[in-house]
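Remarks on the structure that follows.
Please treat every number below as a calculation from the coordinates, not as lab data. Source: prediction; values computed, not measured. Here the Cβ positions follow ideal geometry from the backbone for every residue, glycine too, while neighbour counts run over all protein chains shown.
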Amino acid sequence: MKALPFEFALDLPRAALVIIDMQRDFVEPGGFGESLGNDVTRLQAILPTCAAVLAAWRAAGAWVVHTREGHLPDLSDCPPAKRLRGRPSLRIGDTGPMGRVLVIGEPGHAIVPELAPVDGELVIDKPGKGAFHATPLQARLQERGITQLVFMGVTTEVCVQTTMREANDRGYECLLVEDGTASYFPEFKAATLAMLTAQGGIVGWVAPAAELVAELPGR
Ligand code: TIU
């Protein structure tokens, strides 16, 4: 398929769609992301594209992984360096508009209903930005013989980029869906797409959703 910096050879039986942190607290108005002073409309805007890619991917019979950033209720997996950083109005574990911020099981921690996981899909709870750090993701991917990861989700330069770099170092071929990812900062998204694909695809590939969907069988 057409992609940057050059064509990507999608191998669907060995590929997983990885949707990063499309949680209510990051994406919806009134959540944690907005409480940090961020404009969530940019994140809202990718929902139809993400839903369309997810539907096409499922229809093609391929596997899906969802990730969620969050912590145990006792915060034992949240390093103080993460919880105490900066001067936010709400810290991880505090009670916000959608329950305790970034705590597993709270309303804001849930994946948005438009992209809710279904039976047979893997949900990875992760305490960090990258989805490989302190999670069973690598083992689950290896069990299924997955070698390619197609990424969507938020935010482009934080959890998506971190996970894509972790995956690239573990030997996965990584493709990021350009219009299926968003940042609170458009200039950071643009810079991320450019740096991932520079130097001959130093981290991976980038392609628009339409190119990916056109590759999927069963359409
Ligand atoms: N999922 C994710 O990217 N977590 C963040 O905290 N992102 C920000 O951009 N803050």
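A few remarks follow.
- With the charge dipole of the range 89-219 set up from +1 on Lys and Arg Cβ and -1 on Asp and Glu Cβ about the Cα centre, the Cα lying farthest toward the positive end among the listed residues Val118, Pro136, Leu216 is that of Pro136.
- Prolate/oblate/rounded label for the range 92-197 (Cα gyration tensor, a/c 1.5): oblate
- At full extension, Lys2 and Ala81 could sit 24.3 nm farther apart than now, given 0.36 nm per residue minus the alpha carbon distance.
- Counting DSSP beta bridges with both ends in the chain, the antiparallel % (nearest 5): 15
- Of all aspartates and glutamates in the structure, those lying under 16 Å Cα to Cα from Lys2, and not within fewer than 8 positions of it along the same chain, are Asp11, Glu173, Glu178, Asp179, Glu211, Glu215.
- Paramagnetic reach from Ala45 (point 7 Å along Cα→Cβ, amide N under 13 Å) across the range 147-185: 179-185
- Gyration tensor verdict on the chain (Cα atoms; rounded if a/c is under 1.5, prolate if a/b is larger than b/c, oblate otherwise): prolate
- FRET efficiency, 1/(1 + (r/R0)^6) with R0 35 Å, evaluated for Ser89 and Met195 via beta carbons: 0.65
- For a straight C-alpha distance cut-off of 13 angstrom, the aspartates and glutamates reachable from Lys82 (same-chain residues fewer than eight places away being disregarded) are Glu69.
- Taking the helices alone, the chain has a mean residue ellipticity at 222 nm of -8000 deg cm²/dmol, built from -39,500 (n - 2.57) per DSSP H run of at least 4 residues and averaged over all its residues.
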